[in-house]
Amino acid sequence: MKKVAILGASGFAGGELIRLLDGHPHFDPVWLIANTASGDEVSSWHSFLSGSDKRTFISIDALDLNEPDLFVLALPHGESAKIVAKLPENAKVVDLGADFRIEDKAKWEKYYSSEHAGSWTYGLPELGTNTQKVINSNKIANPGCYATAIALSLAPIIENADLDSISVVANSGTSGAGRNSSVNANIPALDIDMYGYKVGGVHQHIPEIEQSLSKLAKKPVSISFTPILIPIFRGILSVATAKISHSVTVEQVRKWYINSYQNSNFVKLLDVGAQPSTKRVNGTNNCEIQIEIDKQTNSIIVTAAIDNLVKGAAGQAIQNANLLFGYPEELGLLDIGMPI
């Protein structure tokens, strides 16, 4: 068994890592690190665990940094770089934070207002040659949740799209804001409300999405992105629209998606007429996609659904970890959603 240290194990993504790794045949989450919750029983923070589970959180100071085979960082943005500086140089690390996702220093500073720590291999295996890059790496920058849904939605059409026409509206459950956010401290108020936030091209996932799509298009890509917070706990439903430079049929576009994702275990192009469902992907590492053509505007509309805590965070981290260690990428990840 490979011994895993989870840093930030008390958070929502940390809980998903524990849930999934507890059932993994080759990874054992030995060290559950949460400095502010150090000494607390893990089950007191994560209700899915049995009360008989007596594991406790530890602080980072209690960990011998030479022992873990894998570090998974589920920390707030800006914290990962501080930890990584202390790790052995050859340590295998998957970072769920944003610290190492952005290659362009100026864009990092614009959207995150902090010092740029550099960039690592971008861990969205379904795009381009990313799978092989992950296999050949030790340090993986796990993508953001919105970035995952949107990049997977647009990648197969990006070479044929009018790159000035891309618009995305994406709806997210509250867990994307994190355990300690004011949103999740005030769930009853959200039960009767939904609203946009970080509207007007300021959301921090924009440079990440544009970076992925620009590489595929081989030219700069800009998107208009509006995130919406909706009254569910987990899940993202994104709707991306792009004009196409020439007339196409739905059948032709579906072939682009089939060809792009024919080797993917997790991207599911739905049957004609079916629509992606946040409930159906809950608990899975799947991304459901459907495409339609708006003939009035000569646009392709791509709808996608993911679980932001799994394909958008912990599940994708395990997918990347599997590739790092030479295991099948789907190992330990669920294909069937939660029943309720």
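Descriptive notes on the structure:
- Residue match in the range 243-262 (condition: of a type in the set (S, T, N, Q) and under 28 Å from residue 175 (Cβ atoms)): no
- Total residues in the range 290-311 satisfying the condition of being surrounded by 21 or more Cβ atoms within 10 Å (Cβ to Cβ) and without any contact (Cβ under 8 Å) to a residue 24 or more places away in the chain: the figure is 1.
- Residue satisfying all of: in the range 121-152; surrounded by 22 or more Cβ atoms within 10 Å (Cβ to Cβ) and among the small types (Gly, Ala, Ser); nearest to the chain's Cα centre (by Cα) among these: 144
- Of everything listed in (1) of a type in the set (A, V, I, L, M); (2) in contact with a strand residue (DSSP E or B) (Cβ under 8 Å, 6 or more places away or on another chain); (3) modelled with pLDDT under 90, the single unmet condition for residue 168 is (3).
- Of 258, 318, 300, all but one fail to be assigned to a helix (DSSP H, G or I), in the same structural domain as residue 243 (by TED's automatic domain parsing) and either in contact with a Phe, Trp or Tyr (Cβ under 6 Å, 6 or more places away or on another chain) or modelled with pLDDT of 95 or more (or both); the exception is 258.
- Residue 208 modelled with pLDDT of 95 or more, within 17 Å of residue 150 (Cβ to Cβ), more than 23 Å from the chain's Cα centre (by Cα) and not hydrophobic (A, V, I, L, M, F, W, C): no
- Yes/no for residue 66 being without any contact (Cβ under 8 Å) to a residue 60 or more places away in the chain, farther than 18 Å from residue 140 by Cβ and in a loop (DSSP other than H, G, I, E, B): yes
- Checking the range 73-85 against the condition returns a match, with at least one residue being buried (at least 20 other Cβ atoms within 10 Å of the Cβ), touching a residue at least 12 places away in the same chain (Cβ under 8 Å), under 26 Å from residue 264 (Cβ atoms) and in contact with a helix residue (DSSP H, G or I) (Cβ under 8 Å, 6 or more places away or on another chain).
- All positions within the range 27-44 that are in a helix (DSSP H, G or I), among the hydroxyl-bearing types (Ser, Thr, Tyr) and surrounded by 15 or more Cβ atoms within 10 Å (Cβ to Cβ): 43
- Hits in the range 86-119 - residues which are of a type in the set (Phe, Trp, Tyr) and either outside any loop (DSSP other than H, G, I, E, B) or surrounded by fewer than 23 Cβ atoms within 10 Å (Cβ to Cβ) (or both): 108, 111, 112
- Test result for residue 133, touching a residue at least 24 places away in the same chain (Cβ under 8 Å), part of a helix (DSSP H, G or I) and not assigned by TED's automatic domain parsing to the domain that holds residue 246: no
- Condition check for residue 7: in contact with a helix residue (DSSP H, G or I) (Cβ under 9 Å, 6 or more places away or on another chain) and either in the same structural domain as residue 84 (by TED's automatic domain parsing) or among the small types (Gly, Ala, Ser) (or both): yes
- Criterion (at pLDDT 95 or above, on the phi < 0 side of the Ramachandran plot and in contact with an Asp or Glu (Cβ under 7 Å, 6 or more places away or on another chain)) met by exactly one of 149, 74, 141: 141
- Criterion violated by residue 50 - all others in (1) without any contact (Cβ under 8 Å) to a residue 40 or more places away in the chain; (2) of a type outside the set (A, V, I, L, M); (3) over 26 Å from residue 237 (Cβ atoms); (4) touching a Gly at 6+ places or on another chain (Cβ under 8 Å) satisfied: (4)
- Listed conditions (1) without any contact (Cβ under 8 Å) to a residue 24 or more places away in the chain; (2) buried (at least 16 other Cβ atoms within 10 Å of the Cβ) are all met by residue 287, apart from (1).
The values are calculated or read from the model by the stated rules, or taken from the named source; none is laboratory data. Everything numeric here is computed off the predicted structure, so don't read it as measured data. When we count neighbours, we look across all protein chains shown, and the Cβ atoms used for this are built from the backbone with ideal geometry, even at glycine.
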